[in-house]
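Let me begin by presenting the structure, written as structure tokens, before commenting on it.
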Amino acid sequence: MFADYYNYWVAIILMMLGFYIVISDANLIKKIIGLSIFQTSVFILFISMSKVEGGTAPILAEGITTYSNPLPHVLILTAIVVSVATTALGLAIIARIYREYGTVDENIIHDQDEEDEDNNEATG
Amino acid sequence: MIQTLQHYEFAILIPLLGGLLVLLFHNHENFREACSIVIGIVLFLYIVQLIGLTSGDNTAHTLLNITPTLSITFHLEPLGLVFALLASSLWIITTIYSIGYMRGNKEKNQTRFYVFFAMSIASTMGIAFSANLLTLFIFYETLTLCTYPLVTHKQNQEAQSGGRTYLGILLSTSILFFLTAMVVTWLHAGTLDFLPGGILDSKLGPLGALLLFTLFMFGIGKAALMPFHRWLPAAMVAPTPVSALLHAVAVVKAGVFTVLKISVYIFGIDFIATQHAADVILWVAVATMLIASIIALTKNNLKARLAYSTISQLSYIVVGAALASPIAAMGGALHMVTHAFGKITLFFCAGAIYTATKYTQVSQLDGLGHRMPFTFTAYLVAAISVIGLPPLIGSWSKWYLMEGSISTQNYIVLIAFSLSTLLNCAYLLPIALRGFFNPLNSNLDHQVSGIKEAPLACVFPLCITALCTFLLFFYMQTVYDFLYPAFNP
Amino acid sequence: MNKKRSLILREACNLIVPAVLLYALYVQFHGDYGPGGGFQAGVIFAAAIILYALVYGRKKTQKIFPASLVRYLISIGLLLYAGVGVASLFMGGNYLDYNVLAHNPQHGQHLGIFLIELGVGITVAAVMIMIFYMLDEYAD
Amino acid sequence: MLTQHLAVLQVVVPLISAPLCALLPLAGSENKLGNKLAWLFATLVSLTTFIIALLIAKEVSDHGVISYQLGGWAPPWGIEYRIDHLSAYILLIVSAIACITMLAAQKSVEKEIAHEKISLFYSAFLLCLTGLLGVVVTGDAFNIFVFLEISSLSSYVLIALGNDRKALTASYQYLIMGTIGATFILIGIGLLYMLTGTLNIVDLQQRIPELLSSRTLHAAFAFFTVGISLKLALLPLHLWLPNAYAYAPSMITVFLSATATKVSLYILFRFFFGLFSNEITFEEFHLDKILIPLSILAILIASSVAVFQNNIKRMFAYSSVAQIGYMTLGIGLATKSGSIAGMLHLFNHAIIKGGLFLAMACIVFRTGSVQLSNFAGLGKRMPWTMAAILLLGLGLIGVPFTAGFISKWYLLIAALEQNNWLAATVIVGGSLLAVMYIWKIIEHAYFKIPISSASEGQVISEAPFTMLIPLWILVAANFYFGVNTSFSYGFANTAINTLFQ
């Protein structure tokens, strides 16, 4: 059972890995890395579904009858662009957070927010 | 001409116009007060000439179609007309009284008071003429919201907490119970219109009818049934003209009017009788009647005592509606009228005493009777009318309520009525007796010569209403005949 | 940053950058019948520019590719893409219908794909370079 | 000529104007003229999208569904833009709210956003508008994901532009959760594609009924549920919303609160009723077993949390989570009237919540903060804004004459039709909680005496006209749709009837 669904297993493992990193890691940058792993697993899922037994690259050529399905590839191209955009945006926000908070560790940022909350309560 | 008169929403527009005029002339006072009175009179005349119409065609007039099946429609029916007459006539008197009171106590931002006063009367007219339950609910809610700024007029800390209980209970009961009950009625009856003989069919079953009636009655927070009565004493933070408005003219009257309208036009008297829909509410109302009177006994503050007396008087009307006999319901409707005149005089007297002497406690009133003869005699007359002794209108309504309870062989209710009358005497008469027979209370440092009657603008209205409790005694039969067709279709 | 990179790096860079740029253009213009297309070409192009910037520093690169130009390129690329779509609208076909772009559908498709891929290539290259410029500014 | 291209113009106009807005002369520089130009351009574009939405709505109500083939390719192969009553309804809401936000945005954005970023702010706003309109217009499943990502990414950028440093962490958190949600939807679409080989929604709907036995379909349905409720901020997955709305620039909170979650709700309608068809969603997969408990939790917990908030924008953000609970509760009742009530509340809530956050923008513009203590005495100082908050607050509670009452009415009917007493009591109980947190503000505004020391000497005057007029347009709309529901109810009714089989 494991053999013929090999690629789906890889997708699931990668997905859970990425998910775990996003949830458990306090470092913001590592979260973004986890997120991109999570998205890559989805790409593997899509591309593995497009493989047709014995199909070649989907470019018209004489004498070749079976082609692998190009559509998931195209979808994934867009999804990759989306994932790159999200990662770039995440990194830009982290850069600004680093400049404002001086750290990329979520717990320290949380504590600083708590302090802000307390002292503008006092002045409020 | 008749056609234009059909537009009953004039009754709503006139007070709103009055409010607008008051707003326009907010800087010169006399003109502003004159506007309020003139508008009051115009409204009263408009409604008086509507009386002739009831016999003829009182076709419903749809103002707005909110959805294809729900609409804001008005129609003319005897009960609504009596309520409108009552509210508009007392509005004129209360305006005169509040001019005297406001000037006497130099209250701040009076313009806002008159504007919201006019808006409350507009919503009361909307309730009086509503042809279906949705219109009634809409104006019921606007009445709550318009009276909130009046209750919290002084804008100090206790006004705020008083306002919070006032609004909290009224809004929550109306949203929680009234709205749900309305939707259930809509689903069962398919319509929300008030039709003589009720719209509910027997498919509801006795338990369903009982639940729905209880849901309705607790939903009408303004009828101040016991668990949801806290808002009435909490509204004591308001100046006296507002308490007068609350207790006699608009708010509570709107509550009991809704009770009557629902039990007569939504359930139908015989439907309640056959389905025993009102058994729970009957005993809750009787309990409220007695407990409220007992609490009133303990209250030293005059306005609080009158507030609890109102709660018990309102339960008379709810008992009348719950007894499910046309005579009892008729008695309830008449009690709505008689109690209005009686209670408004009592509140005017309380206000006059406060304006003249700044006293609010019953114990401080010893010997004031000689200094303020008119106020205290008016108080005595009104007290007797509320208690229900013959020469005054209160006796009529109590008579029919008791007759109704006998006709349904509900002797316990009869005993409750007489017990409550005794309690009325116990907590209303001592104030008058103290005033006339006790010597001046020595330990109070009031300047003996200083006390005299409140300004004329306060004393004159309370004398009129006291007189009405006597004069109307002879016309109650016409009111009875006028209301008769409404209660036995 | 101002000290010059070692000679080997600079020489290697001089060799590689032109080759990579050429390859990027090849991928760009053979996208319609072979593997390639706007996205890949844009990224390869940007990689060449970024390599140059790494070796020769941001200031020199900004002489060739000023930040404002790159910002405009982003918008122009997207406008080119959408413009082709609107052009086919005005020529009577549906949005992005390439058949109407030229006298016969075959050429129209070819032209349409070509322009679209060019627009995408410009935008992607410009975005990648802009990201590099932004992160580089944060560094110092 | 352009009338038959309406469907695509709805998306192309804002799409093209976004880069144009960045290319405007003096864009990206500090000077005021450039920023005013950018604002004017953005407002004009929003107005055109609103006009296009009106034309589409008229077209749809006259000739039924508009189907537009992108690039001339027939539906199962090419991307098809398909607008039925449901899409036209949401298009109207999104573009109307965009117009009102833009009308009021000029002064508030001038004050809150760094000057050199303002023209980029407007171009990001236009991109967000493109994304939201695109999601509603397209009839292709994957295209919905792409437009959803466009709108989400631009809204992360817009939120990060807030001047409080917490805006950054809020935007970051929203980015993480939003991306996970969108990726879940992507996985769902992928699994569906694997099963059926097509991405067109109508085509999918025909092919799904015979695949009910396959477990992949169950997995796809599960991924959709989680992804959409994450985007929708349904209770357990709502953690990103309060911070995002509280610390974003005020005009963005106005826009997002009235549109973003509404579009996610549209996706819920489109996928669970347009794609899976309501019998499958409710009989096969029993979505109502999930939606009803979660919505009841959302209404009760979010409203009670809102009561204890000090920051008023966070309070209204939690109230938004509760109101979304109302909509999903309506849908969860699994009947036509339930979904109509949900749709109606979506419409009414967009007006009311948009108005309330616009009033918050006025207060932030004048006093700089939305802490509750800062509201003391505002009743006198900013009478028009506070009156608007009072009237819209009444709408939120559901007092008659307001739009809120109508949606409460239909929600109650839908609930009581099935004798679902729990849902009915929760609906009514929710409005009681709403009374509590609205009255907290009203009491502070009208009863408390302003602490003179707090306002640094400068007298707080009424908000500028350009912000008050849109605010009072929304207040008027709140009352208009409270009294005449022929449009709001009529359109929702036809929308749901066409959607449900």
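The values are calculated or read from the model by the stated rules, or taken from the named source; none is laboratory data. Everything numeric here is computed off the predicted structure, so don't read it as measured data. Counting neighbours? That spans all protein chains shown, and the Cβs are built from the backbone with ideal geometry, glycine included.
Taking residues in segment B:73-84 that are in the same structural domain as B:L133 (by TED's automatic domain parsing), and partners anywhere that are of a type in the set (D, E) and surrounded by fewer than 24 Cβ atoms within 10 Å (Cβ to Cβ), the pairs with Cβ atoms closer than 9 Å and at least 6 places apart or on different chains are B:T73/B:D193; B:F74/B:E9; B:H75/B:D193. Where helices (runs of 4 or more DSSP H) fall wholly inside segment D:227-311, the ranges with 3 or more residues that are in contact with a Gly (Cβ under 7 Å, 6 or more places away or on another chain) are D:250-269, D:287-297. Within segment D:53-70, which residues are away from chain C (no Cβ under 14 Å), touching a residue at least 40 places away in the same chain (Cβ under 8 Å), out of contact with any helix residue (DSSP H, G or I) (no Cβ under 6 Å at 6 or more places or on another chain) and assigned to a helix (DSSP H, G or I)? D:E59, D:S61 - these are the residues of segment D:53-70 that are away from chain C (no Cβ under 14 Å), touching a residue at least 40 places away in the same chain (Cβ under 8 Å), out of contact with any helix residue (DSSP H, G or I) (no Cβ under 6 Å at 6 or more places or on another chain) and assigned to a helix (DSSP H, G or I).
For segment A:1-58, which positions are outside any helix (DSSP H, G or I) and surrounded by 14 or more Cβ atoms within 10 Å (Cβ to Cβ)? Please lay out each step first, then the result.
Just the residues of segment A:1-58 that are outside any helix (DSSP H, G or I), to begin with: A:1-5, A:25-27, A:50-58.
Correct list: A:D25, A:N27, A:S50, A:G55, A:P58.
When you look at A:I80, is it at pLDDT 90 or above, facing chain D (nearest Cβ under 9 Å) and either crowded, with 18+ Cβ neighbours inside 10 Å or part of a helix (DSSP H, G or I) (or both), yes or no? For A:I80, the condition - at pLDDT 90 or above, facing chain D (nearest Cβ under 9 Å) and either crowded, with 18+ Cβ neighbours inside 10 Å or part of a helix (DSSP H, G or I) (or both) - is not met.
For segment B:118-125, the count of residues that are crowded, with 22+ Cβ neighbours inside 10 Å and within 12 Å of another protein chain (Cβ to nearest Cβ) is at least one. Looking only at segment C:54-80, count every residue that is among the aliphatic types (A, V, I, L, M), out of contact with any helix residue (DSSP H, G or I) (no Cβ under 7 Å at 6 or more places or on another chain) and within 30 Å of D:V12 (Cβ to Cβ) and tell me the total. Number satisfying all stated conditions: 1. In segment C:61-79, the residue that is farthest from the chain's Cα centre (by Cα) out of those that are farther than 15 Å from C:I131 by Cβ and more than 10 Å from chain D (Cβ to nearest Cβ) is C:K63. The condition of being within 14 Å of another protein chain (Cβ to nearest Cβ) and either at pLDDT below 90 or part of a helix (DSSP H, G or I) (or both) holds for only one of D:F41, D:F50, that being D:F41. Among the residues of segment D:324-332, is any surrounded by fewer than 24 Cβ atoms within 10 Å (Cβ to Cβ), more than 14 Å from chain A (Cβ to nearest Cβ) and under 19 Å from D:N420 (Cβ atoms)? No: zero hits.
The rows are residues; the columns are (1) of a type in the set (D, E, K, R); (2) surrounded by 15 or more Cβ atoms within 10 Å (Cβ to Cβ); (3) over 21 Å from D:T198 (Cα atoms).
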site: A:I64; (1), (2), (3): no, no, yes
site: A:H73; (1), (2), (3): no, yes, no
site: A:V84; (1), (2), (3): no, yes, yes
site: A:E115; (1), (2), (3): yes, no, yes
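Checking B:A454, B:A356 one by one, the residue that is among the small types (G, A, S) and not in a helix (DSSP H, G or I) is B:A454 and no other.
For segment A:83-114, what are the residues that are hydroxyl-bearing (S, T, Y) and either at the interface with another protein chain (Cβ under 7 Å from one of its Cβ atoms) or closer than 17 Å to A:N27 by Cβ (or both)?
Step one: filter segment A:83-114 for residues hydroxyl-bearing (S, T, Y), giving A:83, A:86-87, A:98, A:101, A:103.
Matches in segment A:83-114: A:T86, A:T87, A:Y98, A:Y101, A:T103.
For every residue, the table says whether it meets (1) surrounded by fewer than 24 Cβ atoms within 10 Å (Cβ to Cβ); (2) within 18 Å of B:Q313 (Cα to Cα).
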| site | (1), (2) |
| --- | --- |
| B:V256 | no, yes |
| B:V264 | no, no |
| B:F267 | no, no |
| B:A273 | yes, no |
| B:D279 | yes, no |
| B:V284 | yes, yes |
| B:A287 | yes, yes |
| B:I291 | yes, yes |
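Number of residues in segment D:140-154 that are facing chain A (nearest Cβ under 10 Å) and among the hydroxyl-bearing types (S, T, Y): the value is 2. Scanning segment B:89-111 for residues that are under 24 Å from B:I127 (Cβ atoms) and either touching a residue at least 60 places away in the same chain (Cβ under 8 Å) or in contact with a Cys (Cβ under 9 Å, 6 or more places away or on another chain) (or both) yields B:S89, B:L90, B:W91, B:I93, B:T94, B:T95, B:I96, B:Y97, B:S98.
Consider D:N348 carefully, then state whether it is within 14 Å of chain A (Cβ to nearest Cβ), in contact with a Gly (Cβ under 8 Å, 6 or more places away or on another chain), touching a residue at least 12 places away in the same chain (Cβ under 8 Å) and in a helix (DSSP H, G or I). In short, no. All conditions but one from (1) more than 21 Å from B:G221 (Cα to Cα); (2) surrounded by 24 or more Cβ atoms within 10 Å (Cβ to Cβ); (3) not hydroxyl-bearing (S, T, Y) apply to B:N300; the one that does not is (2). In segment C:82-121, of all residues being of a type in the set (F, W, Y) and surrounded by 22 or more Cβ atoms within 10 Å (Cβ to Cβ), the one that is nearest to D:P19 (Cα to Cα) corresponds to C:Y95.
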